[in-house]
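Trainee: I am attaching a structure below and will ask some questions about it afterwards.
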Amino acid sequence: MKKKMLLLNTTVLLGLGGVLSTPAYASTIQDMESQKSQIQNQRQDVQSNIKAASNELTRLQAEQDQMKAQLERLTLAEEENNKKAQKTEADIKETSKQVDQLEKEIKLLQEKLEKRNDILKDRARSMQESGGNVEYLQVLLGSSSFGDFVDRALAVSTIVDADRGILKETKNMQDELKTKQADVKSKLASLEDMKAELDEMTVQLAAQKKQKDALAKELKDKEAKNEELKASLQSKDSSLANEQSTLEQNIKDQKAAEEAARKAAEQAAKEAAKEAAKEAAKKAAEQAQKAAAEPAEKADSPSPKAAPKASSNDVAPTSAPAPKASNVVTVGNRWIGNSAYVFGGGRSQSDINHGLFDCSSFVHWAYSQVGVNLGPLGSVSTETLKHAGTQVSSSQIQPGDLVFFDTYKKDGHVGIYVGGGKFIGAQSSTGVAIANMSSGYWKQKFNGRVVRI
């Protein structure tokens, strides 16, 4: 009986141990857990790259937003400059018509004056032949020109009324002729300035269109690369996530099967244990009949208890640095890369809000930011700015001085000297930017005029 019970216990224990340590389960789960760990590591690497790419995409997005804003400014500047060019062309046509009309009127006056000249000569000749007024003849003979003759003849008191009327009309014609000739000269000078400005605007519009097209292409390329990068990373992460999900399900299924096997083994072990317990009970009963009743003692052992301890940490406050003030040399830096050049721009709050300046309005704005008023904004120009302060020698130039350049006309451009042979201004090709006046284009155009405000 004793041997039988020992054999049964051994069999049950061996059977349970065999079920719980089956190599098929342990090996399969271990392999899958290893694969899962590898995939998780790969996914961590990918997600780390996604995070880095996300940061890069955020930076690129900010750059794209800035490029889009600049593209909008360039589009607006192009529209405004086109309007200005069209208006200038219309002004040129109108002024040309006025000049043509004045020249026609001048020609008619000259023809009338020539006829009057002939009439007066005939009258003077007939007076001479008839032995007329000697004083009148002396006026005619002593005059240096027909205009001088008219002025001198009007001063002769003995001239008959008819002649005096002719002379006065002639004098009025001469005065009208001089006025019209002066008007023509003024309008022609204005016409030349308008044509020069139009030529400058035409060049500017071509440069702005080229800059706008290049910016639009760059923006489109960056957007395409961003989308490609995001799609690639998301696809890779999705693929790894699917692999991980499949492995996790396989592991779950395998563990469920192992749990079912374990429970079956435990149930078998319980049944075997019951049988062993019955045999042990029988044996105990037999031994109890032979032995005398012996008392049994049980002892309890106390278990120690531990008390928890608490701890606390203190946090020290931090303070932010105070902001720094700007001056006229650096106040315009905020517009670098965020502005566009517009002829006549910068003279309204809307233009300023959009960063649309020309050279003189930018200078006016920059000085206004440091509390210096350079006159009415609506009428500011390079001409008003060159009289706004004191002219100094270019050898004494210092940061904050105004510098002037002969571009499409004398003193056609102005900027603010920043030091180191450079100046900041609203340039037609770049908007607000810092340019070098120590070499190249701006050195050639600098005319030496320096004005200290």
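Trainee: Taking 60 Å as R0, compute the FRET efficiency from the Cβ-Cβ separation of residue 277 and residue 232 and round it to 0.05.
Mentor: On the way: r = 66 Å, r/R0 = 1.11.
Result of the calculation: an efficiency of 0.35.
Trainee: Whole-Hz Karplus ³J(HN,Hα) for region 200-212, in order, using 6.51 cos²θ - 1.76 cosθ + 1.60 and θ = phi - 60°, x for Gly and Pro?
Mentor: Taking θ as phi minus 60°, the curve returns 5, 5, 4, 4, 4, 4, 5, 5, 5, 5, 5, 5, 5 Hz for region 200-212.
Trainee: Another question about this same structure. Could you derive backbone 3J(HN,Hα) for region 246-262 from the dihedral phi with the Karplus parameters 6.51, -1.76 and 1.60 (θ = phi - 60°), listing whole Hz in sequence and x where the residue is Gly or Pro?
Mentor: Calculated HN-Hα couplings, in order: 5, 5, 4, 5, 4, 4, 4, 5, 5, 5, 5, 5, 5, 5, 5, 5, 5 Hz.
Trainee: At 0.36 nm per residue, and after removing the present C-alpha to C-alpha distance, how many nm does the segment from residue 222 to residue 263 gain when stretched out fully?
Mentor: Numbers: separation 41, 0.36 × 41 = 14.76 nm, distance 6.06 nm.
Here the answer is 8.7 nm.
Trainee: Another question, then. Kindly report, to the nearest 10 Å², the accessible surface of residue 246 as traced by a 1.4 Å probe over protein heavy atoms only.
Mentor: About 80 Å², ignoring ligands and nucleic acids.
Trainee: Distance from the Cα centre of region 262-291 to that of region 380-425, in angstrom?
Mentor: Cα centroid to Cα centroid, the span is 111 Å.
Trainee: Can you give the net charge of the other residues whose Cβ lies under 12 Å from the Cβ of residue 269, counting K and R as +1 and D and E as -1?
Mentor: That works out to +1.
Trainee: For region 44-84, what % of the accessible area comes from carbon and sulfur atoms, probe 1.4 Å?
Mentor: Values: 1120 of 2450 Å².
That share works out to 46 percent.
Trainee: Give me the 1.4 Å probe accessible area per residue for region 186-242, excluding ligands and nucleic acids, in Å². The partial results should precede the final answer.
Mentor: On the way: 3670 Å² over 57 residues.
Spelled out: the 1.4 Å probe surface of region 186-242, per residue, equals 64 Å².
Trainee: How many nm is it between the label spots at residue 395 and residue 176, if each spot is 7 Å from the Cα in line with the beta carbon?
Mentor: About 5.8 nm separates the two model spin labels.
Trainee: Let me ask something additional. Leaving out ligands and nucleic acids, and using a 1.4 Å probe, what accessible area per residue does region 397-448 come to in Å²?
Mentor: That works out to 39 Å² for each residue.
Trainee: Stretch residue 30-residue 189 to full length: gain in nm at 0.36 nm per residue minus the Cα-Cα span?
Mentor: 47.8 nm
Trainee: With all protein chains present, how much of the accessible area of region 366-453 (probe radius 1.4 Å) comes from carbon and sulfur, to the nearest whole percent?
Mentor: That share works out to 47 percent.
Trainee: Sequence-distant or interchain residues sharing an amide H contact under 5 Å with residue 450, placed H: which?
Mentor: 392
Trainee: Along region 179-192, what does the Karplus equation 6.51 cos²θ - 1.76 cosθ + 1.60 (θ = phi - 60°) give for ³J(HN,Hα), rounded to whole Hz, x for Gly and Pro?
Mentor: 5, 5, 5, 5, 5, 4, 4, 5, 5, 5, 5, 5, 5, 4
Trainee: If you take every residue apart from residue 360 with its C-beta less than 11 Å away from the C-beta of residue 360, what net charge results, scoring Lys and Arg +1 and Asp and Glu -1?
Mentor: -1
Trainee: Please work out how much accessible surface residue 354 shows to a 1.4 Å probe, ignoring ligands, DNA and RNA, in Å² rounded to 10.
Mentor: Spelled out: residue 354, probe radius 1.4 Å, area about 90 Å².
Trainee: Extending each Cα 7 Å along its Cβ direction at residue 42 and residue 56, get the distance between those two points in nm, one decimal.
Mentor: 2.1 nm
Trainee: What is the sum of charges, Lys and Arg at +1 and Asp and Glu at -1, for the other residues whose Cβ falls under 14 Å from the Cβ of residue 92?
Mentor: For residues surrounding residue 92, the net value is -3.
Trainee: Given a Förster radius of 25 Å and the C-beta distance between residue 214 and residue 409 as r, what FRET efficiency does 1/(1 + (r/R0)^6) yield to the nearest 0.05?
Mentor: Rounded to the nearest 0.05, the efficiency is 0.30.
Trainee: Once neighbouring chains are kept in place and the probe is 1.4 Å, which whole percent of the accessible area of region 198-252 is contributed by carbon and sulfur?
Mentor: Answer for region 198-252: carbon and sulfur cover 52 percent of the accessible area.
The values are calculated or read from the model by the stated rules, or taken from the named source; none is laboratory data. The structure presented is a predicted model; accordingly, all values stated were derived computationally and were not measured. Here the Cβ is made from the backbone with ideal geometry for all residues, glycine too, and neighbour counts use every protein chain on show. Heads up: the accessible areas ignore ligands, DNA and RNA and are worked out on the full protein's heavy atoms, side chains in. Shrake-Rupley method; radii C 1.70, N 1.55, O 1.52, S 1.80 Å.
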